[in-house]
Amino acid sequence: MKTISILGSTGSIGVNTLDVVRCNPDRFTVGAMTAGSNIELFAEQIKEFKPSLVSIFNSSKRDALKELLQSEDVEILSGEEGSIKVATYPDVSLVVSAIVGSAGLVPSFAAIQSGKDLALANKETLVVAGELVLQEAKDRVNLIPIDSEHSAILQVLNGEKKDRVKKIILTGSGGPFRTFTRKQMENVTAKEALNHPNWEMGNKITIDSATMMNKGLEYIEAKWLFGCDTSVEIIIHPQSIIHSMIEFVDTSIVAQLGIPDMRVPIAYALTYPDRIDCELPSLDLKTIKQLTFEEPDYEKFPCIRLAQDALKIGETMPAVLNAANEIAVQAFLDEVILFQDIAEIIRSTMDNHKCQPVDTLEAVQSADRWAREEARKLITVAH
């Protein structure tokens, strides 16, 4: 029996993680978990899975959560301190990091410091502080990716020698605007952007898919997870059946295929390097009429290049990229800016930043705060 903590249990990844646990009660138990502000769903989850410790990030909702859980024997904390306690809970061996955005960095880092294996859906942890995270994790804990693309790479690399890898081929669906012209994209709405053709995800990552920033962030994550010297190619694969590929030095290309359901990579992360029956429908190859591939349109989706540039520049620039993106995406969802303004806000924030070395978490957090304030100023001036 493996006891896990879940950081972000009410989000898309958290809900799917609990579904995997629900289907495998003989394998997993939930020792602790956090949520952001959805206390109604959180209370239901707590009553079903009976964790010993929980934390609500929005401290103003702690008392209301206590009211909903009067009959439950559970310790209730709040804020970032509570998230850290959940991430470092002594009875837990694996922490699922599913908090959206850079808010997941501190508890994820604390989990690693306390010797917990980390199943990482929060790609921002590696994007903003990859070097620090890898230094802390080295030879101590396993970092197991949950993103379908990085899970695919991990599976393909299993048993292979890393020096035999020629390049990683990172696939992406292209999002809802893959076939749109630049003119058509000028006035797209949040509703249109949230209509992903293949995946059901939270709002932030769905907008990132529409701008293709998610592929840029995944590029950075892949570089940290699998070696910064490894060549990474991004390719559009609209069917989302091949989740990523590896080309080896002998020109062989090995791919991981599967249905577009996040419970598959979650289950693999929870049991790595083993596998379990996910009780999901199998991929029926006979019904797949074609698998197609395209070059990304970097002019139509400039966020990919912005992410690649941020990694190349290094230091605090990836943290600035990520923070500016979070602010711009929320402004778009709030109908304050247009879809194509997202990339421009990020670009301008990066242009105005003076990079600093990433030698402490405080350096990352300082750059994050600066970038958020700068992005907000740029949005206010422009609108």
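Checked against (1) without any contact (Cβ under 8 Å) to a residue 40 or more places away in the chain; (2) surrounded by 15 or more Cβ atoms within 10 Å (Cβ to Cβ); (3) within 28 Å of residue 137 (Cβ to Cβ), residue 274 passes all but condition (2). For the condition surrounded by 15 or more Cβ atoms within 10 Å (Cβ to Cβ) and either over 17 Å from residue 207 (Cβ atoms) or of a type in the set (Ser, Thr, Tyr) (or both), residue 318 qualifies. Total residues in the range 110-132 satisfying the condition of being of a type outside the set (D, E, K, R) and either over 14 Å from residue 224 (Cβ atoms) or assigned by TED's automatic domain parsing to the domain that holds residue 324 (or both): the figure is 7. For residue 134, the criteria (1) crowded, with 22+ Cβ neighbours inside 10 Å; (2) within 17 Å of the chain's Cα centre (by Cα); (3) hydrophobic (A, V, I, L, M, F, W, C) hold in every case but one, which is (1).
Residue-level analysis places residue 298 among those that are among the aromatic types (Phe, Trp, Tyr) and in a loop (DSSP other than H, G, I, E, B).
Among the residues making up the range 97-115, those that are part of a loop (DSSP other than H, G, I, E, B) and surrounded by fewer than 24 Cβ atoms within 10 Å (Cβ to Cβ) are 100, 114, 115.
Name the residue, out of 105, 118, that is aliphatic (A, V, I, L, M), modelled with pLDDT of 95 or more and out of contact with any Asp or Glu (no Cβ under 6 Å at 6 or more places or on another chain).
Details: 105 fails: modelled with pLDDT of 95 or more.
Going through 105, 118 in turn, the sole match is 118.
Restricting 215, 183 to those that are at pLDDT 95 or above, among the basic types (Lys, Arg) and under 19 Å from residue 299 (Cβ atoms) reduces the list to 215.
The values are calculated or read from the model by the stated rules, or taken from the named source; none is laboratory data. Everything quoted here is computed from the prediction, not taken from an experiment. All Cβ positions, glycine included, derive from the backbone under ideal geometry; neighbour counts span all protein chains shown.
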